[in-house]
Amino acid sequence: MPTPLPSPSFIAASAPAAALAGLDPADLTRDDFVEVFSGNKVAVRSQPLSAVYSGHQFGVWAGQLGDGRAIVLGDLDGPEGRMEVQLKGAGLTPYSRMGDGRAVLRSSIREFLCSEAMAALGIPTTRALMLTGSPQRVMRENVETAAVVTRMAPTFIRFGSFEHWHYRNKPDELKTLADHVIRNWYPEFLDAANPYKELLAEVTRRTAHTIAGWQAVGFMHGVMNTDNMSILGLTLDYGPFGFMEAFDAKHICNHTDQGGRYSYANQVPVGHWNCYALGNALLPLIGTPEEAEEALDVYRPAFGARLDELLHAKLGLLDARPGDEALFDGMFTLLQANHADFTLFFRRLGDLQVDGDVASDAPLRDLFLDRAAFDAWAVQYRERLRQEGSADAARRAAMHRVNPKYVLRNYLAQNAIEQAQHGDYAEVHKLLAILERPFDEQPEHDAYAALPPDWAAHLEVSCSS
Ligand code: AMP
Ligand code: MG
């Protein structure tokens, strides 16, 4: 059962998420909704539960973990199917271990905003329905206040849910779980010769697909432990995540991740490693290691094909041609050498004119210290655009539909957090509205697309939440 919080108060709700749950967003501000969605009252037909799972953390088997501060309330029927509603931070559960079962306002704002920002970017993710605060004090490095994020997903089952039963040597429970997942979310495999192999292959494909989406917008998850990997391939458990600013493929967004296991570049092989851990857990059901390997072999081609597709779209290229890979490689070398801002680069690239010159290139060119290197790459890019007879206006429109102007930069989240900690939620609301339309110009919000200020370079985010 959720543990009530003193004086829960409404902070924010997401209208698109409410629609997915078949709810009217206007209702969410009502006291009775706030009480239910913060865990202070349990609705009549709700049967709260927390789930057990285990997992590999930073590559090491961590044993039993489980929903230490997450409680599922039940399902809501929405227009696109059933959504499970889960409270994060609603108090102690049987799996809380040393924790207090709470979430602080700071990280709850980050999870709330980023879930909805990712959805608007078109990246598979769990959703955030609403955010509730309370004056309840919570101890972390400092004293903070508690909050609850009301999350939604068709299911929150993780790779670690399967690892749990495998490592406990409980084959019957493992099979029950796998059958439950297939019946509810992968019914197309019910009649397959080997449904468990198909399940592994499809989860592997979805994971590769989602991670390609991350790479394409510069999203870094920060804690890609197997207990944070969704069996539906959704981005799950927002903690010390970040969006790439000054490009560095080795960038580590999580201050706690000293070895850089989950750096931007490492997300790709780690995604594969995590699928491997899932395959290992499913092996007794799949049969032979060869069959599991075959399913896991889906990862590299699925990732490669999806990233290739996304990069073509990001550069406004309509078809794939020999030499494109070299053009992409050259671009990443350039971004790396100059630490150019990832989001601004792609957004401004959309404004390039095929017959433009140094003057018209200025906003883009100014992102690079080594202007000559940029000019050299731009010559190749223009040549490639001419090859397919690319038209400036059409390409610009298409590129601006895939290269966001607005992402949840750490400093933007930080500003909203600091104001919220003083009781003012206006910035949370404003950021949510901006990030729900990341591809739209919204000229009145230009400042939110700007380079981070100097103080942001010293922001540290860690697993403390
Ligand atoms: P995370 O790194 O956020 O994915 O969390 C790893 C594990 O620690 C999960 O099992 C969480 O439920 C648990 N956990 C994190 N914070 C708390 C907390 N404050 N109270 C109880 N369990 C927690
Ligand atoms: Mg987690």
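The values are calculated or read from the model by the stated rules, or taken from the named source; none is laboratory data. Please read all numbers here as calculations on a predicted model, not as lab measurements. Every residue, glycine as well, gets a Cβ built from its backbone with ideal geometry; the counts of neighbours run over all protein chains shown.
The set of residues from segment 71-101 being more than 19 Å from residue 161 (Cα to Cα), in contact with a Ser or Thr (Cβ under 7 Å, 6 or more places away or on another chain) and more than 16 Å from ligand 2 (Cβ to nearest atom) comprises 91, 92. Residue under question is residue 24, and the condition is that it be free of Cβ contacts under 8 Å to residues at least 12 places away in the same chain, surrounded by fewer than 17 Cβ atoms within 10 Å (Cβ to Cβ) and away from ligand 1 (no atom under 16 Å from the Cβ); does it hold? Judged against the criteria, residue 24 is a match.
Filtering segment 83-101 to residues that are surrounded by 14 or more Cβ atoms within 10 Å (Cβ to Cβ) and either under 23 Å from the mean Cα position of the chain (by Cα) or among the basic types (Lys, Arg) (or both) leaves 83, 84, 85, 86, 87, 88, 89, 90, 101.
Within segment 228-278, the set of residues being within 16 Å of ligand 2 (Cβ to nearest atom) and among the hydroxyl-bearing types (Ser, Thr, Tyr) comprises 230, 235, 238, 256, 262.
Yes/no matrix, rows are residues, columns are (1) under 10 Å from the mean Cα position of the chain (by Cα); (2) over 20 Å from residue 275 (Cα atoms); (3) outside the structural domain of residue 295 (by TED's automatic domain parsing):
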residue: 200; (1), (2), (3): no, no, no
residue: 219; (1), (2), (3): yes, no, no
residue: 229; (1), (2), (3): no, no, no
residue: 237; (1), (2), (3): yes, no, no
residue: 241; (1), (2), (3): yes, yes, no
residue: 245; (1), (2), (3): no, yes, no
residue: 254; (1), (2), (3): no, yes, no
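Looking across segment 125-166, the residues that are more than 16 Å from ligand 2 (Cβ to nearest atom) and of a type in the set (Ser, Thr, Tyr) come down to 132, 134, 145, 150. If I filter segment 211-227 down to residues being buried (at least 24 other Cβ atoms within 10 Å of the Cβ) and among the polar types (S, T, N, Q), which single residue comes out as nearest to ligand 2 (Cβ to nearest atom)? Out of the qualifying residues, it is 225. Looking across segment 222-242, the residues that are of a type outside the set (A, V, I, L, M), closer than 30 Å to residue 338 by Cα and out of contact with any Ser or Thr (no Cβ under 7 Å at 6 or more places or on another chain) come down to 222, 241, 242.
The number of residues in segment 238-252 being within 14 Å of ligand 1 (Cβ to nearest atom) and buried (at least 23 other Cβ atoms within 10 Å of the Cβ) comes to 3. Could you check segment 112-124 and list, in sequence order, the residues that are within 15 Å of ligand 2 (Cβ to nearest atom) and either surrounded by fewer than 24 Cβ atoms within 10 Å (Cβ to Cβ) or among the hydrophobic types (A, V, I, L, M, F, W, C) (or both)? 114, the sole residue that qualifies. Restricting segment 341-389 to residues that are in a loop (DSSP other than H, G, I, E, B) and of a type in the set (Asp, Glu), which is surrounded by the most Cβ atoms within 10 Å (Cβ to Cβ)? Among them, the one singled out is 361.
With respect to the stated conditions, residue 54 is among the hydroxyl-bearing types (Ser, Thr, Tyr) and within 16 Å of ligand 2 (Cβ to nearest atom). Restricting the first member to segment 443-465 and to residues that are closer than 22 Å to residue 257 by Cα and assigned to a loop (DSSP other than H, G, I, E, B), and the second to residues that are modelled with pLDDT of 95 or more and more than 16 Å from ligand 1 (Cβ to nearest atom), the beta-carbon pairs closer than 7 Å and six or more apart or on different chains are 459/410; 459/411; 459/414; 461/410.
Looking across segment 205-237, the residues that are within 16 Å of ligand 1 (Cβ to nearest atom) and in a helix (DSSP H, G or I) come down to 226, 227, 228. If you take the residues of segment 423-441 that are of a type in the set (D, E, K, R) and not in a loop (DSSP other than H, G, I, E, B), which of them is nearest to residue 127 (Cα to Cα)? Among residues in segment 423-441 that are of a type in the set (D, E, K, R) and not in a loop (DSSP other than H, G, I, E, B), the one nearest to residue 127 (Cα to Cα) is 430. Considering segment 388-418 alone, what residues qualify as being under 25 Å from the mean Cα position of the chain (by Cα) and of a type in the set (Asp, Glu)? If the condition is that a residue be under 25 Å from the mean Cα position of the chain (by Cα) and of a type in the set (Asp, Glu), then 418 is the only one that fits.
Each row is one residue, and each column tells you yes or no for (1) assigned by TED's automatic domain parsing to the domain that holds residue 57; (2) more than 12 Å from ligand 1 (Cβ to nearest atom).
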{"position": "98", "(1), (2)": "yes, no"}
{"position": "101", "(1), (2)": "yes, no"}
{"position": "108", "(1), (2)": "yes, no"}
{"position": "111", "(1), (2)": "yes, no"}
{"position": "142", "(1), (2)": "yes, yes"}
{"position": "164", "(1), (2)": "no, no"}
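Among the residues in segment 192-211, are any touching a Lys or Arg at 6+ places or on another chain (Cβ under 6 Å) and over 19 Å from residue 69 (Cα atoms)? Within segment 192-211, one or more residues are touching a Lys or Arg at 6+ places or on another chain (Cβ under 6 Å) and over 19 Å from residue 69 (Cα atoms). For first residues located in segment 209-232 and of a type in the set (S, T, N, Q), partners that are more than 11 Å from ligand 2 (Cβ to nearest atom) and at pLDDT below 95 and lie 6+ apart or on another chain with Cβ distances below 8 Å do not occur.
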